[in-house]
Structure formats: C-alpha cells, structure tokens
Amino acid sequence: MSAISAEEAFLAYEAVRHRLPDAVRTDGSYRSVETLEDLADEFDAFLLDAFGVLNIGETAIAGTPERVKALKAAGKRVLVVSNAAGFPHAALMEKYARLGYDFAPEDVVTSRATLLAGLNGHRGMHWGLMATRSTGLRDLEGLNLTYLEEDPAPYATVDGFLMIGSAAWTDARQTLLEAALMDNPRPVLVGNPDIVAPRETGFSTEPGHFAHRLADRTNVAPTFFGKPFANIFDLAFKRLGAVDKSRVLMVGDSLHTDILGAQTAGVASALISGYGFFAGQDVKAAIAQAGITPSFVVSRP
C-alpha cells in the first residue's frame with residue numbers, strides 16, 4: 001500500500017496536466033447537494049465511477065447499492081465507467097454482485113475494455129504485459145503476451161508494452177522498462193490512467209503513475225485508455241444508445257479523471273466529496289487550485 005497522501009496525489013495529477021485533456025473554463029461555481037437522489041429528476045443516465053463511489057477497496061459504500069437500485073427502479077440508466085483495467089470483466093461482475101450491486105455485464109464499461117477496443121490495428125504485435133499473474137488473462141486470450149517480470153529479455157524483444165495492472169509491479173521492473181524504451185522506443189498503451197486509487201487503508205499506486213514516470217524519463221508518449229480521455233466515454237455512449245447528453249451525469253471522486261473526463265465527453269459531472277479521493281479534504285480549495293469545476297458537489301452517493 002502506498003504512503004501517498006491525498007495532497008501528494010493531487011499534486012501528482014497537477015504535474016502531468018500537459019498530458020491530460022484541457023479543462024473547460026467556467027466561472028468556478030457549482031451546486032452542492034447531499035446525495036444523488038437530489039439529482040434524480042434532472043438526469044436520465046448516471047455514469048458511476050467505481051472506487052470512491054460504489055466501493056472503497058473491497059467494501060461497498062454504505063447506502064450506495066440501495067441508491068443504485070432506486071435509480072434503476074425510477075427508470076434511469078446506470079452504468080459503471082471505471083478505470084478498472086487490472087481485472088477481467090467477469091471478475092468485476094462477481095465483485096459487484098458480492099458487494100450488493102446488480103449490473104448487467106454490458107453496463108460495466110472499463111478502461112480494460114476500452115484498451116482492447118483500441119487494439120484492433122495492433123493485433124499482430126507481441127506485447128510485454130504489466131499485470132498481476134494471479135488475476136489471469138481472461139479477456140486477453142487473443143493477444144500475444146509475455147509478462148514483464150525480472151527477466152530482462154522480454155523487455156528488449158517485444159513490439160510494445162501494455163500497462164494494465166500494477167499491484168505486483170516493482171521499481172526494478174520499472175527500471176528495466178525505462179531502459180528498454182530508451183534503447184529502443186516502442187508503443188506504450190496504458191489501460192488505467194489513474195495515478196492512485198483509494199483503498200481501505202490509503203492510496204494504491206496505479207499504472208498511470210508508472211506511465212507518466214516513464215514518459216518523463218524516456219520521452220516516449222504513452223497512449224492512455226480510460227478517464228479522463230474520450231475513448232472510454234465513446235464506448236459508454238455506444239452502450240447507452242440514443243441519449244440526450246444534457247441528461248447524462250458522470251459521478252466520481254476525482255477531479256483529474258472523473259470530472260475532467262466528463263468535461264471532455266461533454267456531459268455534466270458530480271464530485272463525491274465525502275468518500276474516496278477527497279474524504280476529509282478541502283474540496284473547495286482543490287477545485288479552485290485545479291481549475292476543474294464539477295457541475296455538482298455531492299456529499300455521498
């Protein structure tokens with residue numbers, strides 16, 4: 001578990017703003033409400049982040065399974081839009097069911113699926129894979145993959161690199177990757193742009209952290225799949241079908257992924273202030289410092 005604080009994580013995102021989409025200029029105003037129930041009449045579709053909205057680590061946020069059920073009972077479309085690249089889709093569905101959520105498989109849109117959709121032009125390549133062996137290769141069976149671990153040989157011979165899960169990643173492996181890219185620059189595709197994710201006991205370090213680090217050190221520009229980039233929202237809109245964008249709300253706990261992503265996608269946004277990234281933090285000050293303004297600040301889902 002990382003010892004990164006919320007303030008350090010915020011500054012880490014600020015330091016890579018040049019690689020993120022531009023924020024929409026606003027007058028800095030937003031509306032504060034208590035829960036998503038207060039916004040139910042204003043929107044037809046709710047796009048929910050996972051960490052910090054549905055759950056913290058392996059624990060559901062109290063009352064959120066009931067909130068999702070109530071929104072769906074009211075005729076709302078509710079999709080999960082998550083930078084969850086490290087786990088197969090089926091494993092995520094099992095997790096959400098275990099936490100008390102009833103989502104259809106097509107209503108869970110992940111950066112893993114977004115990355116796979118973006119690989120159509122690269123199917124013949126041999127990829128070095130940043131991932132955790134224990135999570136398996138479901139969804140990835142059609143790819144030519146070699147796990148990146150301590151053996152330096154694959155780093156030199158693969159055609160490109162996929163960064164999807166960092167739970168088992170080490171500084172030694174990162175050093176091998178950076179050296180290989182400096183020696184022979186190749187494509188780097190990142191299936192999770194998150195720098196950190198909130199867990200029960202702190203923040204975990206996610207693939208985005210290592211992707212930005214290698215970009216700083218090697219001058220190789222990674223291609224990111226997931227929030228705040230438009231590609232994951234393009235996939236979500238395909239799942240939604242015909243929809244009035246003015247009636248779609250993205251709900252998340254991060255300014256630099258969820259709220260910036262909503263702006264990139266052209267939809268309204270709600271920042272959760274009581275859980276996840278900004279739990280116990282000064283949300284108002286963070287919004288002003290980042291210049292990323294949500295449509296709403298919601299205390300809890």
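The values are calculated or read from the model by the stated rules, or taken from the named source; none is laboratory data. Note that the coordinates shown come from a computational prediction; the quantities given were computed from them, not determined experimentally. As a convention, Cβ positions derive from the backbone with ideal geometry for all residues, glycine included, and neighbour counts pool all protein chains shown.
Considering only residues that are out of contact with any helix residue (DSSP H, G or I) (no Cβ under 6 Å at 6 or more places or on another chain) and part of a helix (DSSP H, G or I), which ones fall in segment 224-236?
Residues satisfying the conditions are Asp234, Ala236.
Pairing each residue of segment 87-104 that is more than 20 Å from Arg77 (Cβ to Cβ) with any residue that is surrounded by 14 or more Cβ atoms within 10 Å (Cβ to Cβ) and among the charged types (D, E, K, R), provided the two are 6+ apart or on different chains, yields C-beta distances under 9 Å for Phe87/Lys95; Phe87/Arg112; Pro88/Arg112; Pro88/Asp139; Ala90/Asp139.
Inspect all residues belonging to segment 90-112 and state whether any of them is assigned to a strand (DSSP E or B), at pLDDT 95 or above, of a type in the set (A, V, I, L, M, F, W, C) and touching a helix residue (DSSP H, G or I) at 6+ places or on another chain (Cβ under 9 Å).
Checking segment 90-112: at least one residue is assigned to a strand (DSSP E or B), at pLDDT 95 or above, of a type in the set (A, V, I, L, M, F, W, C) and touching a helix residue (DSSP H, G or I) at 6+ places or on another chain (Cβ under 9 Å).
Evaluate the following for Arg239: is it within 27 Å of Asn55 (Cβ to Cβ) and part of a helix (DSSP H, G or I)? Taking the combined requirement at face value, the residue satisfies it. Only one of the numbered conditions (1) surrounded by fewer than 18 Cβ atoms within 10 Å (Cβ to Cβ); (2) under 17 Å from Ala113 (Cβ atoms) is not met by Val81, and that is (1). In segment 269-294, of all residues being of a type in the set (S, T, N, Q) and surrounded by fewer than 21 Cβ atoms within 10 Å (Cβ to Cβ), the one that is nearest to Ser246 (Cα to Cα) corresponds to Gln289. Of Ala70, Ala23, Ala40, all but one fail to be in a loop (DSSP other than H, G, I, E, B), hydrophobic (A, V, I, L, M, F, W, C) and in the same structural domain as Glu94 (by TED's automatic domain parsing); the exception is Ala23. Scanning segment 10-59 for residues that are modelled with pLDDT of 95 or more, among the small types (Gly, Ala, Ser) and surrounded by fewer than 17 Cβ atoms within 10 Å (Cβ to Cβ) yields Ala15, Ser29, Ser32.
Within segment 167-179, residues that are touching a residue at least 40 places away in the same chain (Cβ under 8 Å) and over 22 Å from Ala84 (Cα atoms) sit with their Cβ atoms under 6 Å from residues that are of a type outside the set (Ser, Thr, Tyr) and not in a loop (DSSP other than H, G, I, E, B), at 6+ positions apart or across chains, in these pairs: Glu178/Leu214; Glu178/Arg217.
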